Amino acid sequence: MSEGKSRPIVQGLILIVVGIVFLLGNFGALNLDWEVLWTWVLIVMGVVFWLGFIFDRSKDGLIMPGTILMTIGIVFNISTRYEWASMEYLWPFFILAPAFGFYAMYLFGKRDRGILVPAVILTIIGTIFLMGSIPVLKYIWPLLLIGVGVLIITRPGTDKE
């Protein structure tokens with residue numbers, strides 16, 4: 001090995017561990033439930049993106065895909081464990097996942113306020129759909145809108161006579 005070059009030890013170790021896990025699964029030593037395992041692949045891929053950022057802070061672009069993959073992996077994991085019908089309530093997280101990514105990029109990256117614009121827009125849209133998809137909340141959020149509207153109208157100092 002020449003000077004200045006490092007061996008890809010981490011990548012090699014990951015391949016070895018993955019190979020051992022699959023080999024043990026093929027021999028029946030591990031019970032690999034593929035109905036749930038694939039969701040963990042998404043979550044772990046998201047963690048790998050985050051680790052890439054953590055080890056090299058100049059790569060803040062890794063935060064977005066890492067956050068999206070982890071969020072979507074968690075949504076799919078919940079759906080595979082507790083019936084796919086739960087996706088009826090969880091689908092707004094597909095809109096919220098990039099919003100979470102934008103917030104994370106703002107908090108851990110360069111603090112560019114421009115990132116907050118799409119984050120807030122996606123959060124509002126995703127939250128409205130989330131509130132509409134959860135039976136109890138679909139009645140509460142319109143009442144909150146009405147209450148805020150009444151407060152705005154009746155607040156002292158709003159009429160200009």
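This table checks each residue for (1) surrounded by 10 or more Cβ atoms within 10 Å (Cβ to Cβ); (2) part of a helix (DSSP H, G or I); (3) in contact with a helix residue (DSSP H, G or I) (Cβ under 6 Å, 6 or more places away or on another chain); (4) at pLDDT 90 or above.
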position: Gly101; (1), (2), (3), (4): yes, yes, yes, yes
position: Ile121; (1), (2), (3), (4): yes, yes, no, yes
position: Met131; (1), (2), (3), (4): yes, yes, yes, no
position: Pro135; (1), (2), (3), (4): no, no, no, no
position: Leu145; (1), (2), (3), (4): yes, yes, no, no
position: Asp159; (1), (2), (3), (4): no, no, no, no
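All told, Leu96 falls short of being over 28 Å from Leu145 (Cα atoms) and either of a type in the set (S, T, N, Q) or free of Cβ contacts under 8 Å to residues at least 40 places away in the same chain (or both). Can you name the number of the only condition in (1) surrounded by fewer than 21 Cβ atoms within 10 Å (Cβ to Cβ); (2) touching a Ser or Thr at 6+ places or on another chain (Cβ under 7 Å) that Arg81 fails? Looking at each condition in turn, Arg81 falls short on (2).
Whenever a residue of region 56-77 is in contact (Cβ under 8 Å) with a residue 40 or more places away in the chain, its partners that are of a type in the set (S, T, N, Q), lying with C-beta atoms within less than 9 angstrom and at least six residues away or across chains, give the pairs Asn77/Thr39.
Of the residues making up region 29-36, at least one is at pLDDT below 85, in a helix (DSSP H, G or I) and surrounded by 11 or more Cβ atoms within 10 Å (Cβ to Cβ). Only one entry of Pro118, Pro135 meets the criterion of being under 26 Å from Gly61 (Cβ atoms) and without any contact (Cβ under 8 Å) to a residue 24 or more places away in the chain, and that entry is Pro118.
The values are calculated or read from the model by the stated rules, or taken from the named source; none is laboratory data. As the structure is a prediction and not an experimental result, all values here were calculated from the model. Note that we place each Cβ from the backbone using ideal geometry, even for glycine, and neighbour counts take in every protein chain shown.
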